[in-house]
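Peer 1: Take this structure, written in structure tokens, and hold onto it; I'll ask about it next.
The values are calculated or read from the model by the stated rules, or taken from the named source; none is laboratory data. Model, not experiment: these values are computed from the prediction. In this analysis, Cβ positions are derived from the backbone assuming ideal geometry, glycine residues included, and neighbour counts consider all displayed protein chains.
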Amino acid sequence: MSTHEPVVTQNILDLISSKSDEQRAAREMSKEVVDALKACGFFTMLLPKQWGGLERKPQEFFAEQVRIAEADMSTAWAGGIIAVHAFQLALMSEEAQREVYENDPNTLISSSYNPVGARAEMCEGGFMLHGRWGWSSGSGHCTWALLGGVIPGDGYRTFLVPRSEYEIEDTWNVMGLQGTGSNDVVIAEPIFVPEHRTHKQMDGFNCVNDQENPMYDLSWAQTFVRVVNSAAIGALKKAVKVFVESKQGNSTTDMTKFAGDVETQERLAKVLNTIAELEAVMYHNFDKMEAANWKPSLEDRIMYRYQASIVIDKAIEAIDTLFDVAGGRSVFNGHPLQQLWHDIHIARCHVANNPTAFARNLGSVTLGMENKDVFI
């Protein structure tokens with residue numbers, strides 16, 4: 001892992017932590033938290049310097065996301081997803097980048113890439129688009145959205161749409177990650193999206209871009225598939241602190257007996273090892289990508305995709321390991337360990353965190369078959 005100067009200060013982390021319950025109740029990030037993340041530059045970490053961004057390396061960005069998640073996983077999830085879009089925009093047309101960032105490098109973009117509810121058709125100069133997209137995290141704070149769609153005869157593209165052309169429907173009533181505000185984006189009647197505001201899936205796979213920094217030669221999928229699970233690493237770190245503190249704060253618990261309990265020792269050791277393992281693999285992979293001048297082999301890209309997809313399964317096993325022996329108080333609503341349990345489990349619902357297809361692709365390619373995944 002490369003060392004770097006933190007972007008998010010301790011004061012901001014304290015603010016995020018203090019707003020956690022409020023955000024959970026409001027079912028979205030607070031404006032105060034979003035403004036603080038704007039002010040420190042978190043949202044511009046992956047944005048090219050050309051547009052006022054910090055242009056930091058992915059491993060530095062993910063280190064900050066993990067730190068935020070130790071304060072609040074919802075903020076790390078939604079804020080991280082919003083921030084990672086700067087990397088995808090850097091690969092799109094310069095005209096699209098200028099429209100979004102020329103006046104404000106802190107212009108925020110949400111997304112929903114699942115094309116199931118979308119309808120897109122070619123027309124002169126661009127495309128006509130309408131439909132419904134779910135799980136658009138942080139959308140209430142954003143003025144643009146990246147929306148996925150499949151065009152008959154052309155394939156998958158991402159469409160960049162301004163806030164004036166879509167509605168946000170309040171649907172985010174969930175059991176975990178409540179503070180992400182992952183509501184639905186709706187375009188009821190077809191709108192025109194010009195060609196320059198689209199991104200071909202195969203251009204993403206083939207790493208097409210006009211940036212000078214070779215970092216942007218990296219497939220943008222390698223950043224996105226990490227942003228939807230790395231927050232769980234920070235949440236696990238927080239869970240360990242909550243677990244220990246809850247035992248220490250219990251006047252009926254003899255900490256001598258607690259610390260000497262063999263099962264508790266083993267459970268904590270396993271969770272601490274899981275955290276270390278997940279961080280080590282993530283930073284090792286990005287360091288290897290950097291050493292390859294951000295052009296990893298296809299085989300490595302497939303492996304990295306699979307390794308990202310199993311983070312949540314490992315995190316679920318770890319949080320369950322703690323929760324099973326957390327005691328009777330942990331079952332009451334509002335207990336911090338229970339909230340972390342729900343947040344991590346809900347993250348498993350994201351398609352990128354279901355490892356089945358990625359495991360099969362890794363195994364089949366290793367056995368000599370063709371790669372079937374272009375989002376790697």
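Peer 1: For residue 199, all conditions in the list (1) outside any strand (DSSP E or B); (2) not assigned by TED's automatic domain parsing to the domain that holds residue 274 hold save one; what is the number of the exception?
Peer 2: Here residue 199 meets the rest and fails (1).
Peer 1: Going through 137, 74 one at a time, which residue ends up being under 14 Å from residue 224 (Cβ atoms) and polar (S, T, N, Q)?
Peer 2: Result of the check over 137, 74: 137.
Here is a yes/no grid of residues against (1) in the same structural domain as residue 167 (by TED's automatic domain parsing); (2) touching a residue at least 60 places away in the same chain (Cβ under 8 Å); (3) in contact with a helix residue (DSSP H, G or I) (Cβ under 8 Å, 6 or more places away or on another chain):
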| position | (1), (2), (3) |
| --- | --- |
| 24 | no, yes, yes |
| 30 | no, no, yes |
| 37 | no, no, yes |
| 42 | no, no, yes |
| 46 | no, yes, yes |
| 69 | no, yes, yes |
| 88 | no, yes, yes |
| 101 | no, no, yes |
| 123 | yes, yes, no |
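Results for (1) in contact with a His (Cβ under 9 Å, 6 or more places away or on another chain); (2) in contact (Cβ under 8 Å) with a residue 40 or more places away in the chain, shown as yes or no for each residue.
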site	(1), (2)
287	no, yes
303	no, yes
312	yes, yes
317	no, yes
348	no, no
358	no, yes
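Peer 1: What about residue 83, is it more than 16 Å from residue 196 (Cα to Cα) and either of a type in the set (Lys, Arg) or in the same structural domain as residue 59 (by TED's automatic domain parsing) (or both)?
Peer 2: Criteria met by residue 83.
Peer 1: Next up: Give me the residue from region 319-335 that is in contact (Cβ under 8 Å) with a residue 60 or more places away in the chain and of a type in the set (A, V, I, L, M, F, W, C) and, out of that set, nearest to residue 373 (Cα to Cα).
Peer 2: Top of the filtered list is 319.
Peer 1: Which ranges mark the strands (runs of 3 or more DSSP E) fully within region 116-169 that have 3 or more residues being farther than 18 Å from residue 89 by Cβ?
Peer 2: Answer list for region 116-169: 118-123, 126-136, 167-169.
Peer 1: Only one of (1) part of a loop (DSSP other than H, G, I, E, B); (2) closer than 19 Å to residue 343 by Cβ is not met by residue 6, so which one is it?
Peer 2: The failed condition is (2).
Peer 1: Sticking with this structure for a sec: Scan 327, 334 and give me the residue that is within 15 Å of residue 176 (Cα to Cα), over 23 Å from the mean Cα position of the chain (by Cα) and at pLDDT below 95.
Peer 2: 334
Peer 1: Oh, and also: Name every residue in region 343-355 that is surrounded by fewer than 18 Cβ atoms within 10 Å (Cβ to Cβ) and part of a helix (DSSP H, G or I), in order of residue number.
Peer 2: 351
Peer 1: Which of the helices (runs of 4 or more DSSP H) found entirely inside region 11-110 contain at least 2 residues meeting this: at pLDDT 95 or above and β-branched (Val, Ile, Thr)?
Peer 2: Of the helices (runs of 4 or more DSSP H) lying wholly inside region 11-110, those with at least 2 residues that are at pLDDT 95 or above and β-branched (Val, Ile, Thr) span 31-40, 58-71, 73-89.
Peer 1: Where residues in region 35-77 are among the β-branched types (Val, Ile, Thr) and within 14 Å of the chain's Cα centre (by Cα), which of them is nearest to residue 220 (Cα to Cα)?
Peer 2: Looking only at region 35-77, we keep the residues that are among the β-branched types (Val, Ile, Thr), and these are 44, 66, 68, 75.
Filter again for within 14 Å of the chain's Cα centre (by Cα), leaving 66, 68, 75.
On the way: 66: 19, 68: 22, 75: 22 Å.
Ranking the qualifying residues of region 35-77, first place goes to 66.
Peer 1: Here is a follow-up. If you go through region 340-360 one residue at a time, do you hit one that is aromatic (Phe, Trp, Tyr) and within 22 Å of the chain's Cα centre (by Cα)? Walk me through how you get there before you give the answer.
Peer 2: First, pick out the residues of region 340-360 that are aromatic (Phe, Trp, Tyr): 341, 358.
Now narrow it down to the ones that are within 22 Å of the chain's Cα centre (by Cα): 341, 358.
Yes, some residue in region 340-360 is aromatic (Phe, Trp, Tyr) and within 22 Å of the chain's Cα centre (by Cα).
Peer 1: Filter region 207-225 down to residues that are in a loop (DSSP other than H, G, I, E, B) and under 19 Å from residue 303 (Cβ atoms) and give me whichever is farthest from the chain's Cα centre (by Cα).
Peer 2: Applying the filter and picking the extreme gives 207.
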